[in-house]
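> First the structure, then my questions, so here it is.
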Amino acid sequence: MSVFKWGILGTGKIARRFMQAAFYVPEAQVVAVGSRSQATANQFGAQFGVPKRYGSYDALLADPEVEIVYVATPHSLHAENTLAALQAGKHVLCEKPFTLNAAQAEQVIHAARASGKFVMEGMWTRCFPVVREIVRRLQAGELGEVRVVIADFGFRAPFDPASRLFAPELGGGALLDVGVYPVALAFMVLGAPKQTLSTATLGSTGVDELCSIVFTYENGAHALLSASLRADTPKQAHICGTNARITIPEPWWKPSEAYLIRTDGTTEHLLYPYEGDGLQFEIRHVHDCLRQRLTESPWMPLDETLAIMRVLDTLRAQWGVRYPGE
Ligand SMILES: NC(=O)c1ccc[n+]([C@@H]2O[C@H](COP(=O)([O-])OP(=O)(O)OC[C@H]3O[C@@H](n4cnc5c(N)ncnc54)[C@H](OP(=O)(O)O)[C@@H]3O)[C@@H](O)[C@H]2O)c1
């Protein structure tokens with residue numbers, strides 16, 4: 001069995017979940033972790049059995065044993081961290097959203113393609129077995145012509161103006177944190193929208209705490225999407241075609257099941273239970289891509305990541321949400 005040697009950049013909540021998921025992927029070997037603080041790196045390394053513990057991101061990237069870097073920092077650092085990892089000759093899996101804005105995404109994608117290294121936005125939803133099955137059903141035409149996509153992702157976050165969810169300097173706001181999931185789902189099913197209509201409620205830190213979005217498409221389809229940091233919403237997704245619809249229950253962005261409901265009254269339950277949190281499917285997908293010597297994921301290509309970032313920019317411009325330096 002060939003082993004893939006990962007380095008974890010940042011030690012927050014998702015980095016910890018990554019470690020738990022890596023447990024289900026025997027060929028994933030996390031050889032090193034890097035933190036802004038040596039004490040935090042030591043604590044993380046001890047908790048998860050990571051042998052090499054670095055007190056800076058640069059030290060992690062300088063380790064020749066690390067092949068793939070998992071960028072798990074706030075959105076505002078994704079571009080800088082991914083560029084540094086590429087410069088150090090590493091493959092990169094970078095958490096969503098890929099960057100803060102499309103200009104940064106273009107810069108990173110340019111560097112990625114020049115480097116010949118594998119780079120992927122961590123849109124893990126695309127890697128779940130039930131999502132792959134949904135894509136197969138869509139491609140087989142089982143839904144007929146898709147007319148409507150409906151998806152929401154809203155949760156109640158305790159207000160903390162310094163946290164990455166609310167602080168503009170860390171890329172705060174519902175759209176970039178959770179709205180990117182429904183936007184990416186609409187892209188997966190319908191591609192890039194023709195027109196983008198939206199409204200948002202901005203909070204006291206100036207970021208979007210609630211946003212509602214309508215995409216329209218050349219073929220007349222619509223996507224109805226929303227995201228929230230202040231209220232829990234149903235967190236379901238629906239893909240509605242002329243012959244059938246697919247409903248993905250909560251939590252649709254990391255699903256284990258979906259219902260295919262046909263207009264003839266029959267229903268098929270697509271059931272793909274999994275252990276743990278589900279990040280293991282994304283880790284395995286990265287390994288599969290590397291085995292095939294791919295530099296991009298066919299499930300989350302960089303051009304689509306860039307197109308999504310452009311739409312996120314358009315939405316924020318509609319609401320007047322700008323991050324420091326923009
Ligand atoms: N796929 C998913 O389900 C999922 C879920 C949650 C989050 N995410 C994404 O993952 C990224 C991290 O989210 P998270 O929830 O893990 O965040 P978090 O708990 O705040 O952790 C972020 C980590 O980044 C590092 N960091 C570097 N500069 C920082 C700064 N100025 N302020 C705060 N932290 C800083 C810190 O690690 P050190 O102190 O060790 O340097 C920190 O622990 C986000 O982009 C988010 O969108 C993805």
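> Determine which member of the set Gly45, Gly55, Gly12, Gly34 is surrounded by 13 or more Cβ atoms within 10 Å (Cβ to Cβ), of a type in the set (Gly, Ala, Ser) and in contact (Cβ under 8 Å) with a residue 40 or more places away in the chain.
Gly12
> A further question on this structure: If Tyr259 passes every condition in (1) more than 16 Å from the ligand (Cβ to nearest atom); (2) open to solvent by 70 Å² or more (accessible area, probe 1.4 Å); (3) assigned to a helix (DSSP H, G or I) but one, which one does it miss?
Single failed check for Tyr259: (3).
> So which residues in the stretch 294-310 are hydrophobic (A, V, I, L, M, F, W, C), surrounded by fewer than 22 Cβ atoms within 10 Å (Cβ to Cβ) and in a helix (DSSP H, G or I)?
Leu302, Leu306, Ala307
> Moving on. Within the stretch 187-196, does at least one residue satisfy the condition of being more than 12 Å from the ligand (Cβ to nearest atom), assigned by TED's automatic domain parsing to the domain that holds Lys254, farther than 15 Å from Pro97 by Cα and within 15 Å of the chain's Cα centre (by Cα)?
Taking every residue of the stretch 187-196 in turn, at least one turns out to be more than 12 Å from the ligand (Cβ to nearest atom), assigned by TED's automatic domain parsing to the domain that holds Lys254, farther than 15 Å from Pro97 by Cα and within 15 Å of the chain's Cα centre (by Cα).
> Within the stretch 82-99, which residues are near the ligand (Cβ under 10 Å from one of its atoms) and open to solvent by 10 Å² or more (accessible area, probe 1.4 Å)?
Glu95, Lys96
> If you scan the stretch 165-207, which residues turn out to be open to solvent by 10 Å² or more (accessible area, probe 1.4 Å), of a type in the set (Val, Ile, Thr) and touching a Leu at 6+ places or on another chain (Cβ under 8 Å)?
Residues satisfying the conditions are Val189, Thr196, Thr201.
> Cβ-Cβ under 8 Å, sequence separation 6+ or interchain: first residue in the stretch 100-117 and closer than 21 Å to Ala174 by Cβ, partner among the hydroxyl-bearing types (Ser, Thr, Tyr) and open to solvent by less than 70 Å² (accessible area, probe 1.4 Å). Which pairs?
Matching pairs, first to second residue: Leu100/Ser76; Leu100/Tyr323; Asn101/Tyr323; Ala105/Thr99; Ala105/Thr305.
> Right, another one. In this structure, does His91 turn out to be without any contact (Cβ under 8 Å) to a residue 60 or more places away in the chain, touching a Phe, Trp or Tyr at 6+ places or on another chain (Cβ under 7 Å) and not acidic (Asp, Glu)?
Judged against the criteria, His91 is not a match.
> Just to be sure, is Leu210 among the hydrophobic types (A, V, I, L, M, F, W, C) and open to solvent by 60 Å² or more (accessible area, probe 1.4 Å)?
Judged against the criteria, Leu210 is a match.
> What tally of residues in the stretch 311-326 results from selecting those that are assigned to a helix (DSSP H, G or I), open to solvent by less than 80 Å² (accessible area, probe 1.4 Å), touching a residue at least 12 places away in the same chain (Cβ under 8 Å) and not hydroxyl-bearing (Ser, Thr, Tyr)?
Final tally of qualifying residues: 6.
Yes/no matrix, rows are residues, columns are (1) in contact with a helix residue (DSSP H, G or I) (Cβ under 9 Å, 6 or more places away or on another chain); (2) in the same structural domain as Val31 (by TED's automatic domain parsing); (3) farther than 23 Å from Arg316 by Cα:
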site: Ser56; (1), (2), (3): yes, yes, yes
site: Leu60; (1), (2), (3): yes, yes, yes
site: Pro64; (1), (2), (3): no, yes, yes
site: Ala88; (1), (2), (3): yes, yes, yes
site: Gln104; (1), (2), (3): yes, yes, no
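Conditions (1) within 14 Å of the ligand (Cβ to nearest atom); (2) among the β-branched types (Val, Ile, Thr), marked per residue:
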{"site": "Lys5", "(1), (2)": "no, no"}
{"site": "Gly10", "(1), (2)": "yes, no"}
{"site": "Arg53", "(1), (2)": "yes, no"}
{"site": "Ser56", "(1), (2)": "yes, no"}
{"site": "Ala59", "(1), (2)": "yes, no"}
{"site": "Val71", "(1), (2)": "yes, yes"}
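> Please name all residue pairs, on different chains or six or more residues apart, with Cβ atoms under 6 Å, provided the first residue is in the stretch 236-247 and is outside the structural domain of Arg136 (by TED's automatic domain parsing) and the second residue is part of a strand (DSSP E or B).
Note: no pairs meet the criteria.
> Tell me the residue from Ala111, Ala140, Ala167 that is within 13 Å of the ligand (Cβ to nearest atom) and over 16 Å from the mean Cα position of the chain (by Cα), please.
So the residue among Ala111, Ala140, Ala167 that is within 13 Å of the ligand (Cβ to nearest atom) and over 16 Å from the mean Cα position of the chain (by Cα) is Ala167.
> Follow-up. With respect to the numbered conditions (1) more than 26 Å from Glu304 (Cα to Cα); (2) modelled with pLDDT of 95 or more, which one is the sole condition not fulfilled by Ser2?
Here Ser2 clears every test but (2).
The values are calculated or read from the model by the stated rules, or taken from the named source; none is laboratory data. The structure displayed is predicted, hence computed values, not measured ones. Note that we place each Cβ from the backbone using ideal geometry, even for glycine, and neighbour counts take in every protein chain shown. The protein model used for the area step is the full one, side chains on, heavy atoms only, and it has no ligands, DNA or RNA in it. Shrake-Rupley method; radii C 1.70, N 1.55, O 1.52, S 1.80 Å.
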